[in-house]
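Chemist: There's a structure below that I have some questions on.
The values are calculated or read from the model by the stated rules, or taken from the named source; none is laboratory data. No experiment lies behind these values; they were computed from the predicted model shown. So basically every Cβ, Gly included, is an ideal-geometry build from the backbone, and we count neighbours across all protein chains shown. For the accessible areas, the whole protein counts, side chains as well, though only heavy atoms, and no ligand, DNA or RNA atoms are used. Shrake-Rupley method; radii C 1.70, N 1.55, O 1.52, S 1.80 Å.
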Amino acid sequence: MDRVKGKSLTGAEIVVRCLQEEGVEYVFGYPGGAVLFIYDELFKQDKVRHVLVRHEQGAAHAADGYSRSSNKIGVCLVTSGPGVTNAVTGIATAYMDSIPMVVLTGQVPTHAIGLDAFQECDTVGITRPCVKHNFLVKDVKDLATTIKKAFYLATTGRPGPVLVDIPKDVTAATCEFHYPGTIALRSYNPVKKGHAGQIKKAVQLLTEAERPMVYTGGGVILSNAAPQLTELVRLLGFPCTNTLMGLGAYPGTDRQFLGMPGMHGTYQTNMAMQHCDVLLAIGARFDDRVIGNPAHFAQNPRKIIHIDIDPSSISKRVKVDVPIVGNIPDVLDDLLKLLKNEKPRDIKAWWKQIEEWRAKDCLKYDRKSKIIKPQFVLEKLYEVTKGDAFVTSDVGQHQMWAAQFYKFDKPRRWINSGGLGTMGFGLPAAMGVQMANPGATVACVTGESSIQMCLQELSTCKQYRLPIKIVNLNNKYMGMVRQWQQFFHGNRYSESYMDALPDFVKLAEGYGHRGMLVEKPGDVEPALREAFARTNELVFLDFITDQAENVYPMIPGGKGITEMILSEDL
Amino acid sequence: MTRHIISVLVENEAGALSRIAGLFSARGYNIESLTVAPTEDASLSRMTVVTSGSEDVIEQITKQLNKLVDVVKVVDLSEAEHIERELMLIKVRAGQKDREDMKRMADIFRGRIIDVSDNTYTIELTGDGRKLDAFIQALDQAAIIETVRTGTSGIGRGNRVLRI
Ligand SMILES: Cc1ncc(C[n+]2csc(CCOP(=O)(O)OP(=O)(O)O)c2C)c(N)n1
């Protein structure tokens, strides 16, 4: 990389040079007064390409989707004040799922800060609780180092979004440019290797286990540890589950995979989580949607081994017996080395029990229905895309069905907002996914309510020719809300009906895309085939689905992991 | 619920205090008191947070503090021998007839009178929180005009040190 040594650059030039040095391909953004100098510099070069979204929330989600679906880092750029506040939902979404991302924000000039200037907001204050770290750069001399720190912090340790707030006068001021090659922070030293003694203890527990279970989360995906995980699970012959954030870490089509755990997890997985005697948790955090009520979970004694990069994730909701803090691939490598010389116990009896649970076929649904069942659409989506698509989703029933019925065999293929549960995530995230994976098949599974939250991005998709396939499961309800109201609020469907829906076909056409309305089960597969054959076009598939369908199994809020409502119970 | 004194070395950066205070409020941890000032190394500040919670909560507090990028080191002082001190300035009524009594009271608690007017004394008192509480209790409540306390500072005993 060439260096502009000794030459004075403006802050705006420095910002762009830093992005080039980091090898950033795309910046997702939206201009405004405070970032005009930066936009001027973007204009003058062609290494870093700018993607103009239609709302700053879309910029953050797109950068996020770009990160999730690749091993690269998403960057977004927004102006001060409303630019920032619009982006906050996207930043918080990335934060909750530990997604690396760098957010550059414009700020009013340093002399105006604190004076309620036009489009001023306390960006560092507003975003502090939803970023891994943030900076306000007050001196152009600190700009390059700060941006370097932002990339370093975002991508190392437990990843997360890092924000750099840059006042307008700093982008106009000049100084010599030097981009540091590496950075060291005395207050920040993420661990790599796990503690050898703890790893030995884990090996012992695993080899002696009679009813073992492997439970992994987003950490395995984020740390690119899927190959090691797969090797480990196969070596041991243990049953395995991946959380909503961890799907694809272990092949979803493999026999040893029991399905997702938790509120809408499979019967066999939740039963195995509760009744195992040794639980190996990797890059997962025992959150409320996974283990349900912790007191109920604690009723069955089991030994827990927990591997995570973040010590604060360990023993937060559930007390752990063997904590191992470290970078997951490193720890799994060490574990594998030791386990290769061990012989685990025979667990045939445990598998027999699991197969009995599995035989309940907890995801069954009415296949003879005259109305399109949403589950059917997802099964067909899986078939038509040969299980090899990138699938983003919004939030609601469709998200859970996608997670249950699309079997992900590879990591970084399933892109959803698990932590914050942000409706509106799916479409802009799909844009980032498509940018990061040109030529790949990208589907956005959504609902008629969620899609309307970032609908404006259809225009961005047109501008950049992103051939995303939108699979809209249109049940005319905020289905997940309706389901809760049916179960827990006496069928009072308060404000969950989506009235006055647009004609989605015309709407897609209005944006210059193709729209398809699908109303009959028999048309589902042909429609999907036609849509996915159109590899250069965005197609909006509006599937009119059963309004009354619910997601099963379901653990009601506050209940134990085995207290599931099954479809057969009703 | 036990009381803990947590000492934190943080980068002396703008916003470091709000990150720590924000962490406590966002996660619903108690703060009994919080003090902060730069150390002999101007690039570092030292914070003393007095908090209370179950062992699990205290463990989370130290882990969450360590997770903050600006935080260099965290020590739970109450895990071992330590000294804690707090400074109080208290303004009391001290007219002609009760001046002597007030002076004697300050002496008993090893307080110092640092400002005098016709009808007031301002007394400076250091000690642990309980001693300061005891002094306030010992006074005629009507005599107290104003109090200000710094919150607790703490340090480990002997060879126990917190530095980088
Ligand atoms: C921004 C936002 N607002 C509100 C919610 C609460 N919420 C969760 S699911 C849901 C309904 C989603 O409806 P739809 O997109 O039609 O999907 P469906 O459940 O019908 O599949 C709502 C309102 C949310 N998750 N995100």
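Chemist: For the condition aliphatic (A, V, I, L, M), part of a helix (DSSP H, G or I) and either closer than 30 Å to A:Cys18 by Cα or modelled with pLDDT under 95 (or both), what is the one hit in A:Val191, A:Val220? Full working, then the answer.
Modeler: Numbers: A:Val191 fails: part of a helix (DSSP H, G or I).
Within the list A:Val191, A:Val220, the selection yields A:Val220.
Chemist: Of the residues that make up segment A:542-553, is at least one open to solvent by 60 Å² or more (accessible area, probe 1.4 Å), away from the ligand (no atom under 12 Å from the Cβ), more than 14 Å from chain B (Cβ to nearest Cβ) and out of contact with any strand residue (DSSP E or B) (no Cβ under 8 Å at 6 or more places or on another chain)? So that I can check it myself, show each step before the final result.
Modeler: Looking only at segment A:542-553, we keep the residues that are open to solvent by 60 Å² or more (accessible area, probe 1.4 Å), and these are A:547-548.
With the extra rule that they be away from the ligand (no atom under 12 Å from the Cβ), the set shrinks to none.
So far as segment A:542-553 goes, no, none of its residues is open to solvent by 60 Å² or more (accessible area, probe 1.4 Å), away from the ligand (no atom under 12 Å from the Cβ), more than 14 Å from chain B (Cβ to nearest Cβ) and out of contact with any strand residue (DSSP E or B) (no Cβ under 8 Å at 6 or more places or on another chain).
Chemist: Where in segment B:107-164 are there strands (runs of 3 or more DSSP E), lying wholly inside it, with at least 3 residues that are without any contact (Cβ under 8 Å) to a residue 24 or more places away in the chain?
Modeler: Working: elements: B:112-116, B:120-127, B:144-149, B:153-156.
So the answer is B:112-116.
Chemist: Here is a check on your reading of the model: is A:Val395 open to solvent by 10 Å² or more (accessible area, probe 1.4 Å), within 12 Å of the ligand (Cβ to nearest atom) and within 29 Å of A:Gly522 (Cα to Cα)? Don't jump to the end; show me each part of the working.
Modeler: On the way: open to solvent by 10 Å² or more (accessible area, probe 1.4 Å): yes; within 12 Å of the ligand (Cβ to nearest atom): yes; within 29 Å of A:Gly522 (Cα to Cα): yes.
Answer is yes for this residue.
Yes/no matrix, rows are residues, columns are (1) of a type in the set (Phe, Trp, Tyr); (2) touching a Lys or Arg at 6+ places or on another chain (Cβ under 7 Å); (3) within 16 Å of the ligand (Cβ to nearest atom); (4) closer than 25 Å to A:Tyr365 by Cβ:
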site	(1), (2), (3), (4)
A:Gln483	no, no, yes, yes
A:Phe487	yes, no, yes, yes
A:Ser494	no, no, yes, no
A:Met498	no, yes, yes, yes
A:Leu501	no, yes, yes, yes
A:Lys506	no, no, no, no
A:Tyr511	yes, yes, no, no
A:Met516	no, no, no, yes
A:Asp523	no, no, no, yes
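Chemist: Looking at A:Leu185, is it aliphatic (A, V, I, L, M), without any contact (Cβ under 8 Å) to a residue 60 or more places away in the chain and surrounded by fewer than 19 Cβ atoms within 10 Å (Cβ to Cβ)? Don't jump to the end; show me each part of the working.
Modeler: Working: aliphatic (A, V, I, L, M): yes; without any contact (Cβ under 8 Å) to a residue 60 or more places away in the chain: yes; surrounded by fewer than 19 Cβ atoms within 10 Å (Cβ to Cβ): yes.
Yes, satisfied.
Chemist: Checking B:Glu59 against (1) away from chain A (no Cβ under 14 Å); (2) outside any strand (DSSP E or B); (3) of a type in the set (Asp, Glu), only one condition comes out false. Which one?
Modeler: Unmet condition: (1).
Chemist: Do you know which residues across segment A:423-465 are more than 9 Å from the ligand (Cβ to nearest atom), open to solvent by 10 Å² or more (accessible area, probe 1.4 Å), on the phi < 0 side of the Ramachandran plot and in a loop (DSSP other than H, G, I, E, B)?
Modeler: The answer is A:Asn437, A:Pro438, A:Ala440, A:Thr441, A:Leu455, A:Gln456, A:Tyr464.
Chemist: Being surrounded by 17 or more Cβ atoms within 10 Å (Cβ to Cβ) and of a type in the set (Ser, Thr, Tyr) is the filter; apply it to segment B:45-56 and report the residue that is nearest to the other protein chains (Cβ to nearest Cβ). Walk me through how you get there before you give the answer.
Modeler: Quick first cut of segment B:45-56, residues surrounded by 17 or more Cβ atoms within 10 Å (Cβ to Cβ) only: B:45-51, B:53.
Imposing the further condition that a residue be of a type in the set (Ser, Thr, Tyr) reduces the set to B:45, B:48, B:51.
Working: B:Ser45: 12, B:Thr48: 18, B:Thr51: 16 Å.
Checking each candidate, the answer is B:Ser45.
Chemist: In the set A:Thr171, A:Thr207, A:Thr145, which member is surrounded by fewer than 18 Cβ atoms within 10 Å (Cβ to Cβ), away from chain B (no Cβ under 14 Å) and hydroxyl-bearing (Ser, Thr, Tyr)? Full working, then the answer.
Modeler: On the way: A:Thr171 fails: surrounded by fewer than 18 Cβ atoms within 10 Å (Cβ to Cβ); A:Thr145 fails: away from chain B (no Cβ under 14 Å).
Criteria check complete, one pass: A:Thr207.
Chemist: Looking only at segment A:182-196, decide whether some residue is of a type in the set (D, E, K, R) and either under 18 Å from A:Thr110 (Cβ atoms) or more than 14 Å from every other protein chain (Cβ to nearest Cβ) (or both).
Modeler: Quick first cut of segment A:182-196, residues of a type in the set (D, E, K, R) only: A:186, A:192-193.
Within this subset, residues satisfying the condition of being either under 18 Å from A:Thr110 (Cβ atoms) or more than 14 Å from every other protein chain (Cβ to nearest Cβ) (or both) are A:192-193.
Looking for residues that are of a type in the set (D, E, K, R) and either under 18 Å from A:Thr110 (Cβ atoms) or more than 14 Å from every other protein chain (Cβ to nearest Cβ) (or both), one finds at least one in segment A:182-196, hence yes.
Chemist: Which of the residues that make up segment B:19-39 are loosely packed, with under 15 Cβ neighbours inside 10 Å, of a type outside the set (S, T, N, Q) and within 14 Å of chain A (Cβ to nearest Cβ)?
Modeler: If the condition is that a residue be loosely packed, with under 15 Cβ neighbours inside 10 Å, of a type outside the set (S, T, N, Q) and within 14 Å of chain A (Cβ to nearest Cβ), then B:Ala26, B:Arg27, B:Gly28 are the ones that fit.
Chemist: What number of residues in segment B:63-106 are more than 14 Å from chain A (Cβ to nearest Cβ) and part of a strand (DSSP E or B)? I'd like the intermediate steps shown before the answer.
Modeler: If we filter segment B:63-106 for residues that are more than 14 Å from chain A (Cβ to nearest Cβ), which is where we start, we get B:75-106.
From what is left, the residues that are part of a strand (DSSP E or B) are B:75-76, B:82-93.
Within segment B:63-106, residues that are more than 14 Å from chain A (Cβ to nearest Cβ) and part of a strand (DSSP E or B) number 14.
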